[in-house]
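To start, the structure itself, in structure tokens.
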Amino acid sequence: MSLETPNAFADEENILLHTALFKQVSPAEAEELLPHLKHATFDKGDYIFSEGDTDQRMYLLEQGRVKLIRTSSDDRVQLLSIHAPGEVLGEIPVFDPHGGPRTASAVSMSHGTRVVWLEHDALFAWLDEHPRVAIDMLQVMASRQRGNNERISDLVFMDVPARLAKTLLNLGSRFGEPVEQGLKVPHDLTQEELAQLVGSSRETVNKALMDFSNRGWIARDGRSIIIFQPGMLIRRSRR
């Protein structure tokens, strides 16, 4: 990890304006937070924060990809989610500073991953000056909670192929690169991690992937997947 000066990106557009949490903030209001932003760059595999940490920071992903993981008492690792530029990481301790240590770790998935962070005290001092923004933030967090509820519902009511189809479509919408054959999704996940993201075993997910491939919907290319027929994946995710 390399730290950079608070105004290292002062000449660039304020990253806050590209995050859902600050989407209703005016450029002038966001600029007031610039002196409080800390910047850092991480290599692939670096930990941005770790499960059990007691800091009260909120992180914003500026460049690269980050995965959130949890580790069990017997050292098994569970992949929880993948995050793209413009997304917020680890905001819970900022809004619930007395709720205990962090419950997940954030790991950089690519070299040159850039994040900025904001401390609890700086954010809340700013919110005291702009209380309307707090309402906008609550709406964004409520939307994220609905998303979490939907994922729990999917685990209960959807079969593995449907969850896999939905996961591939989600990864495609966030990380997909148009190519001649279709949409290439460079997920950079191991087979075990992809299975964890779907919420099933590696064997079951691989069986579903093979079925999708045999049907001509997708093709596997290393740690990437090419989606040929997104419409068929959409139909399968709704069954």
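The values are calculated or read from the model by the stated rules, or taken from the named source; none is laboratory data. Not measured: the values here are computed from a predicted model. Cβ coordinates were reconstructed from backbone atoms using ideal geometry, including for glycine residues, and neighbour counts include every protein chain displayed. With ligands, DNA and RNA removed, areas are computed over all heavy atoms of the protein, side chains included. Shrake-Rupley method; radii C 1.70, N 1.55, O 1.52, S 1.80 Å.
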Neighbours by Cβ (under 9 Å, 6+ apart or cross-chain): first from segment 116-133, under 11 Å from Gln56 (Cα atoms); second surrounded by fewer than 13 Cβ atoms within 10 Å (Cβ to Cβ): Ala122/Pro35
Reported set for segment 110-129 where residues are assigned to a helix (DSSP H, G or I) and either over 17 Å from Lys38 (Cβ atoms) or open to solvent by less than 60 Å² (accessible area, probe 1.4 Å) (or both) is His120, Ala122, Leu123, Ala125, Trp126, Leu127, Asp128, Glu129
For Gln78, state whether it is closer than 26 Å to Asp136 by Cβ, open to solvent by 30 Å² or more (accessible area, probe 1.4 Å) and touching a helix residue (DSSP H, G or I) at 6+ places or on another chain (Cβ under 6 Å). no
If we only count strands (runs of 3 or more DSSP E) wholly inside segment 143-239, which ones have 3 or more residues that are surrounded by fewer than 19 Cβ atoms within 10 Å (Cβ to Cβ)? 218-221
Output the residue which, of all residues in segment 130-141 that are open to solvent by less than 40 Å² (accessible area, probe 1.4 Å) and not acidic (Asp, Glu), is farthest from Ile92 (Cα to Cα). His130
Determine which member of the set Gly199, Gly176, Gly182 is in contact (Cβ under 8 Å) with a residue 12 or more places away in the chain, farther than 26 Å from Glu51 by Cα and touching a Lys or Arg at 6+ places or on another chain (Cβ under 8 Å). Gly176
